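Report on one structure; see the data block that follows.
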Amino acid sequence: MSSSAEAVTAAGPALDWGEFTERPLPEGGDEAVSPQAELAGVLQRRHEDLSAARGEAARAASGARDTVFELATLVGRLEQLVALAEQTLVDGGQARLHRRLRILKEQMLQTLRDDGVEVRDPLGLPADEVADWVDPIGWRYGPQFTAETVAQTDDPAVFHHGAVVRLARVFMGSPEPEAPQKPTDLTEPKKPTEPTEPKKPTEPTEPDAPTTPDDSGSETDDDV
């Protein structure tokens with residue numbers, strides 16, 4: 001028996017023409033489509049199906065990644081609460097409970113770090129160091145701040161392979177703003193001149209009375 005016969009026997013009985021059925025021509029076509037053209041069409045449809053499947057997978061992966069980043073933010077807030085509750089739990093005889101919570105929190109953070117996700121709390125850092133990865137939502141002023149720093153963290157920042165993917169939401173602290181100083185004038189201001197009283201109009205003087213001839217002398221004989 002030849003090798004070709006052995007291959008046919010191993011693959012099963014050979015097909016005969018009875019296995020094929022007639023198929024009508026496609027609408028608008030006068031000639032039968034060649035097997036090569038049909039194969040190209042099948043491959044094209046297969047390629048489109050694969051592209052659509054890849055798109056769906058990419059969207060699902062993106063949604064899952066966003067969920068991981070959101071969970072990282074929540075783990076960061078849990079870390080804040082565990083640190084805040086330490087003294088209360090220890091004073092209430094629950095030091096062991098606090099230790100278990102802290103260990104669980106560290107396991108969650110380590111799981112995120114293994115996937116390249118890091119949670120950062122900018123509390124207490126100066127504004128210059130965190131300007132690129134914080135979102136200030138308010139300001140607080142007081143003498144306890146000597147420079148612009150992060151006074152409170154509402155949501156920590158999330159990084160993925162060193163790139164920020166979630167900004168930290170914080171309150172910034174700053175010293176009390178100085179009151180604006182009034183400009184000083186070196187020259188003394190001129191005193192306003194007091195208004196002078198208007199001069200009263202002078203009263204008209206009465207004219208001198210006409211002089212009368214001297215009545216003391218009498219007529220002389222020469223005048224007679």
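What follows draws every value from the coordinates through simple rules; no lab data is involved. Quantities reported herein were computed from a predicted structural model and do not represent experimental measurements. A quick note on method: Cβ atoms are made from the backbone with ideal geometry, for glycine too, and the neighbour counts reach across all protein chains shown.
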Using the Karplus curve 6.51 cos²θ - 1.76 cosθ + 1.60 with θ = phi - 60°, work out ³J(HN,Hα) for each residue of the stretch 119-130 in order, rounded to whole Hz, and write x for Gly and Pro. 9, 10, 10, x, 4, x, 7, x, 4, 5, 7, 10
Can you order the peptides 104-113, 35-44 by their average number of other Cβ atoms within 10 Å per residue, highest first? 104-113, 35-44
Would you kindly calculate the translational diffusion coefficient of the stretch 50-95, applying Stokes-Einstein with the Kirkwood radius from alpha carbon pairs, for 4 °C and a viscosity of 1.567 mPa s, and quote it in µm² s⁻¹ without decimals? 97
The answer for the net charge of residues other than Leu101 whose Cβ lies under 12 angstrom from its Cβ, with Lys and Arg +1 and Asp and Glu -1, is +2
Write down the percent of antiparallel bridges among all DSSP beta bridges whose residues are both part of the stretch 40-170, to the nearest 5. 75
Average the reciprocal distances over every distinct pair of alpha-carbons in the stretch 91-151, invert the result, and give the Kirkwood radius in Å. 14.7
Cα atoms only, the stretch 47-125: Rg and Dmax in Å? 18.6, 66
Suppose each label sits 7 Å from its Cα in the direction of the beta carbon; what would the Ala61-Thr146 distance come out to in nanometres? 4.9
Could you give me the ³J(HN,Hα) list for the stretch 47-64, computed from phi with Karplus coefficients 6.51, -1.76, 1.60 and θ = phi - 60°, whole Hz, x at Gly and Pro? 5, 5, 5, 5, 5, 5, 5, 5, x, 5, 5, 5, 5, 5, 5, 5, x, 5
So if I average 1/r over every pair of distinct C-alpha atoms in the stretch 76-188 and take the inverse, what Kirkwood radius in Å does that give? 16.7
Using modelled amide H (1.01 Å from N, peptide plane; none on Pro or chain starts), what sits under 5 Å from the amide H of Asp154, excluding residues fewer than 5 places away? Arg169, Val170, Phe171
